[in-house]
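A quick write-up on the structure given underneath.
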Amino acid sequence: MDLFTAMRIASMGMAAQRTRLEVSSSNLANAQSTRTAEGGPYKKKNPVFSEVKASTFEKALDRVSKKLSGVQVSSIQTDNTAGPRLYDPGHPDADKDGYVNMPNVNVVTELTDIMATSRSYEANVTSMKAAKEMINSVLSIGRNG
């Protein structure tokens with residue numbers, strides 16, 4: 001594998017993690033939204049990751065590169081499971097029995113997902129920096145040699 005392929009794979013991972021962070025942030029921001037434009041409470045969104053074969057973004061492949069792959073967000077799906085029902089007869093979205101349908105977003109889960117996303121993003125940044133340093137080392141050998 002050449003170093004530019006490593007950088008492309010890391011950048012694909014960073015882009016996927018950025019989307020994952022945006023989705024988790026949206027879920028967290030809407031954790032108390034009981035009314036949406038579609039009607040009803042906010043429904044949690046989940047990014048769906050899919051593999052991207054190296055051959056789709058790399059022209060000249062050697063034997064090692066053929067086994068490599070990147071990642072992308074192929075879609076963002078809505079979780080249609082029901083959220084909790086809270087008894088709050090004074091809430092403007094309460095039904096006739098005084099219950100409010102809440103979003104199916106678990107704040108702790110979203111915060112944990114945000115931390116995991118951050119760590120994954122950092123790992124991709126670290127691998128990209130390592131590839132950049134190796135490229136710079138090769139170039140300096142060429143200048144000094």
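Observations on the model:
- Among the candidates ASN27, ASN46, residue that is in contact with a helix residue (DSSP H, G or I) (Cβ under 6 Å, 6 or more places away or on another chain) and within 20 Å of ASN101 (Cβ to Cβ): ASN27
- Remark: pairs (first residue in region 37-48, within 18 Å of ILE76 (Cα to Cα); second residue assigned to a strand (DSSP E or B) and among the hydroxyl-bearing types (Ser, Thr, Tyr); Cβ separation under 7 Å; 6+ apart in sequence or on different chains) = LYS43/THR78; LYS45/THR78; VAL48/SER74; VAL48/SER75.
- Whichever residue in region 67-92 is within 14 Å of the chain's Cα centre (by Cα) and not hydroxyl-bearing (Ser, Thr, Tyr) and, among such residues, is farthest from VAL105 (Cα to Cα): GLY70
- All told, LEU86 falls short of being aliphatic (A, V, I, L, M) and exposed (fewer than 13 other Cβ atoms within 10 Å of the Cβ).
- Where strands (runs of 3 or more DSSP E) fall entirely within region 32-88, those with at least 1 residues that are of a type in the set (Ser, Thr, Tyr), over 22 Å from TYR121 (Cα atoms) and modelled with pLDDT of 95 or more are at 69-78, 85-87.
- Subset of region 32-49 that is crowded, with 17+ Cβ neighbours inside 10 Å and not β-branched (Val, Ile, Thr) - its residue that is nearest to the chain's Cα centre (by Cα): PRO47
- Residue list for region 7-24, restricted to those being under 18 Å from SER118 (Cβ atoms) and either free of Cβ contacts under 8 Å to residues at least 12 places away in the same chain or out of contact with any helix residue (DSSP H, G or I) (no Cβ under 6 Å at 6 or more places or on another chain) (or both): SER11, MET12, ALA15, ALA16, ARG18, THR19, GLU22, VAL23
- Region 95-131 - residue that is in contact with a Gly (Cβ under 8 Å, 6 or more places away or on another chain) and assigned to a loop (DSSP other than H, G, I, E, B) and, of those, farthest from GLY39 (Cα to Cα): VAL105
- Only one entry in ASN101, ASN80, ASN144 is surrounded by 14 or more Cβ atoms within 10 Å (Cβ to Cβ) and on the phi < 0 side of the Ramachandran plot, namely ASN101.
The values are calculated or read from the model by the stated rules, or taken from the named source; none is laboratory data. Quick caveat: nothing in here was measured; it's all calculated off a predicted structure. Backbone-built Cβ (ideal geometry, glycine too); neighbour counts: all protein chains shown.
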